[in-house]
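Peer 1: This is the structure I have questions about; it appears just below.
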Amino acid sequence: MSAEGPPHETRSSQLAQLLDARFEGYLERIRHLCRLPSVSATGEGIRDVADAVSQLIHEAGGRTELVETPGHPIILGEIGGPDGAPKLLRYGMYDVQPAEEPDWSSPPFAAEIVDVPEVGPAVVGRGTANSKGSLASFFCALDLLRDSGGVPVSLGFVIEGEEELGSPHLPGVVRSRAADLSADAGMDFDLWGDGVGGADLILGCKGLLSLEIECRSGDWGGPARPLHSSESAWISSPVWALVHALATVVGPDETILVHELIERARPPTDRDRSVMAELAERFDPVQHLREAGATRYKLGGTIAEMLEILIFQPTANICGLEAGYTGPGGKTILPNAARAVLDVRLVPDLDPDQAAAAIATHLDRAGFGMVEVRQLESYPWSKADPDSSVAAAMREAYARLGHRPLPYPMAPWCAPFYVFDRILGLPWVSGGLGYSNGAHGPDEFATVAGLKEHILGVAEFLLAFAARGGGPASVPTAEARAT
């Protein structure tokens, strides 16, 4: 039998019928992985889940290696395909956020099936949406393909256990093992369905810079220890100094005032704008507000104009502020220190070290040399070719199953997909059918119907990519030819 298997319509019918017969068992396989804690922040269950995911690759006929890091291990794996078949490299994560919120309706690692209002039956639990539900589903799709004509591609895997910590050791491993990760294209899957017939198609991601900005008393002024607030008449307040410093970074309308961040940002290309126009036609801003639990947007303009700001302009957000007394009642003190944590979303041509230096220089020039800027975690931005074979294969898989793509030339959030384009020099795409919600929060869920749909979507994507013949194998990097 050829690598492509039976004609498309016949193969799709076989897949759907086989999925109907096997889905109950597949659902239990998904729930089993989601029942295993793998909290990267504490290390709980990490090693057991790394072994469990490795076993999934072995059961699919592959081989694996656990690459030790100063943190949690990274799984490298490979599954061979038919002679001459194209090869895809799948990124994945096996870690999850802590699940310490008190308001879970069922235990967070029970993966119970719950009838979610307005949604229907769903698997509720930490990692169901982000992203162990999708990871387990991928191997269910391989099982379907293997027993209905064969898996039509070769596969590589790089699956980490520190995504929720900012992937600190992933780029080093990818750089050192680049030859082992050679492929025609990269891919990532998640449950990207919107519940009403659309599904996100991710073709890039903003970068992320987390900063700690702190002001402590010193030679410039302020008390050596917290004082009675009556002293504020003639002793400077580190808290006010920090507040005024932050006000020079972002204006009253929340636009960035650090000119270098705006000037260095690469504007969207004509192709980017055509992709955004496609997204704008299908994007529902009212539904998004409803899902976000917000009442209005702070921006004006058309949907296309708002999306361009969301996607292609950097942002600076205050995640938290800490200073002095915050307990019940009043306590009249003059604090001796204040701290803020910011996240800055980065766009092409704006990298974390550059952005941190620009903000520190800006604050110094504005007269706030007493404020210290410290860089925390960071992610570089990533950008994929929207016209690559792998992106076209994801679109084709959506179309085969009656879904419309919601294409993002860059997602406003961050993920470590830069290892594909900026380290390995690979075209890549992230997508996937199926509806989920609540990632990182209580009652995170993936719908039962969405998981079934996701399995079928993965299988159709792999068939579509194989039929296209993949693309040129990755060329040795030089940091992806200097990006």
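Peer 1: Using Cα-Cα distances under 8 Å and only pairs 6 or more residues apart, what relative contact order does region 90-222 have, in percent?
Peer 2: 29 percent
Peer 1: Can I ask one more? For region 146-185 and region 189-265, what is the centre-to-centre distance using only Cα atoms, to the nearest Å?
Peer 2: Spelled out, the Cα-based centre of one part sits 34 Å from the other.
Peer 1: Another question, then. Helix 270-282: angle to the longest alpha-carbon principal axis of the chain, degrees 0 to 90, nearest 10?
Peer 2: That works out to roughly 80 degrees.
Peer 1: Whole percent per 5 Å bin, from 0 to the bin with the longest distance: what is P(r) over all C-alpha pairs of region 85-233?
Peer 2: Per 5 Å bin, starting at zero, the Cα-Cα P(r) for region 85-233 comes out as 2, 6, 10, 14, 15, 13, 10, 8, 6, 4, 5, 4, 2, 1, 1, 0, 0 percent.
Peer 1: If you don't mind, there's one more thing I want to ask. Taking 7 Å along the Cα-to-C-beta vector as the label spot, tell me the Asp180-Tyr325 distance in nanometres, rounded to one decimal.
Peer 2: 5.8 nm
Peer 1: Given Asn130, Val119, Gly150, which one lies farthest toward the positive end of the charge dipole of region 33-171, if we put +1 on the Cβ of every Lys and Arg and -1 on the Cβ of every Asp and Glu?
Peer 2: Among Asn130, Val119, Gly150, the one farthest towards the positive end of the dipole of region 33-171 is Gly150.
Peer 1: Follow-up. Compute the helix-to-body angle for 303-312: its Cα long axis versus the longest principal axis of the chain, expressed 0 to 90° and rounded to tens.
Peer 2: That helix lies at roughly 80 degrees to the long axis.
Peer 1: Let me ask you something else. In region 341-483, carbon and sulfur make up what percent of the accessible area (probe 1.4 Å)?
Peer 2: Values: 2590 of 4870 Å².
Looking at region 341-483 in its full context, I get 53 percent from C and S.
Peer 1: So for the chain, averaging the separation of alpha carbon pairs under 8 Å that are six or more residues apart and normalising by length, what relative contact order in percent results?
Peer 2: Values: 1034 pairs, mean separation 119.3, N = 483.
The value is 25 percent.
Peer 1: For the chain, report the accessible area per residue in Å² (1.4 Å probe, heavy atoms, rounded to an integer). Kindly include the intermediate steps, with their values, before the conclusion.
Peer 2: Details: 20680 Å² over 483 residues.
Ligands and nucleic acids excluded, the result is 43 Å² per residue.
Peer 1: Something else now. Please give me, ordered by residue number, the GluC sites (Glu not before Pro) of region 248-280 that lie in loop per DSSP and have at most 15 other Cβ atoms within 10 Å.
Peer 2: Values: sites: Glu254, Glu260, Glu263, Glu278; in loops: Glu254.
For GluC sites (Glu not before Pro) across region 248-280 that sit outside H, G, I, E and B with at most 15 neighbouring Cβ atoms in 10 Å, the list reads Glu254.
Peer 1: Could I ask something else about it? What angle do you read, to the nearest 10 degrees and between 0 and 90, between the alpha-carbon axis of helix 448-468 and the longest principal axis of the chain?
Peer 2: Approximately 70 degrees, to the nearest ten.
Peer 1: Within 10 Å, count the other beta carbons around each residue, average over each peptide in 356-367, 76-87, and list them highest first.
Peer 2: 76-87, 356-367
Peer 1: Continuing with the same structure: How are the Cα pair distances of region 308-367 distributed, in percent, across 5 Å bins from 0?
Peer 2: Reading upward from the zero bin: 4, 13, 16, 19, 17, 10, 9, 8, 4, 1.
Peer 1: OK, next. List the aspartates and glutamates whose Cα lies under 15 Å from the Cα of Lys87, skipping any in the same chain that are fewer than 8 positions away.
Peer 2: Straight-distance partners of Lys87: Glu4, Glu78, Asp180, Asp184, Asp188.
Peer 1: How large, in percent, is the carbon and sulfur part of the accessible surface of region 195-331 at a probe radius of 1.4 Å?
Peer 2: 55 percent
Peer 1: Expressed in nm², what is the orientationally averaged projection area of the convex hull enclosing the Cα positions of region 224-358?
Peer 2: On the way: hull surface 46.3 nm².
For region 224-358, averaging the hull's shadow over all directions gives 11.6 nm².
Peer 1: Check which residues have an amide H placed less than 5 Å from Gly204's amide H, if you skip close sequence neighbours.
Peer 2: Ala384, Ala411
Peer 1: Taking 0.36 nm per residue of sequence separation and subtracting the Cα-Cα distance, how much length would be gained by fully extending the chain between His8 and Asp349, in nm to one decimal?
Peer 2: 118.6 nm
Peer 1: Identify all lysines with a Cα-Cα distance to Lys452 below 22 Å; exclude those on the same chain that are fewer than 8 residues away in sequence.
Peer 2: Excluding near neighbours in sequence, the set is Lys132.
Peer 1: In addition: Got a sec to turn the phi values of region 203-216 into Karplus ³J(HN,Hα) couplings, 6.51 cos²θ - 1.76 cosθ + 1.60 with θ = phi - 60°, whole Hz, x for Gly and Pro?
Peer 2: 10, x, 9, 4, x, 9, 10, 9, 10, 10, 10, 10, 10, 10
Peer 1: How high is the relative contact order of region 283-428, in percent, counting Cα pairs under 8 Å that sit 6 or more residues apart?
Peer 2: So the answer I get is 20 percent.
Peer 1: Per residue of the chain, what 222 nm ellipticity follows from adding -39500 (n - 2.57) for every DSSP H run with n ≥ 4, rounded to the nearest 500?
Peer 2: So the calculated ellipticity at 222 nm is -11000 deg cm²/dmol.
Peer 1: May I ask for the Kirkwood hydrodynamic radius of the chain, worked out over all distinct Cα pairs and given in angstroms to one decimal?
Peer 2: Values: mean 1/r = 0.0416 Å⁻¹.
Computed over Cα pairs of the chain, the Kirkwood hydrodynamic radius comes out at 24.0 Å.
Peer 1: Oh, and also: If r is the Cβ-Cβ distance from Asp103 to Glu377 and R0 is 22 Å, what FRET efficiency results, to the nearest 0.05?
Peer 2: Numbers: r = 27 Å, r/R0 = 1.24.
Once rounded, the FRET efficiency stands at 0.20.
Peer 1: Can you give the convex hull volume per residue for the Cα atoms of region 97-170, as a whole number of Å³?
Peer 2: 133 Å³
The values are calculated or read from the model by the stated rules, or taken from the named source; none is laboratory data. Keep in mind that what you see is a predicted model, and the values were worked out from it rather than measured. Cβ: placed from backbone, ideal geometry, glycine included. Neighbour counts: every protein chain shown. Surface accessibility is based on the protein's heavy atoms, side chains included, excluding ligands, DNA and RNA. Shrake-Rupley method; radii C 1.70, N 1.55, O 1.52, S 1.80 Å.
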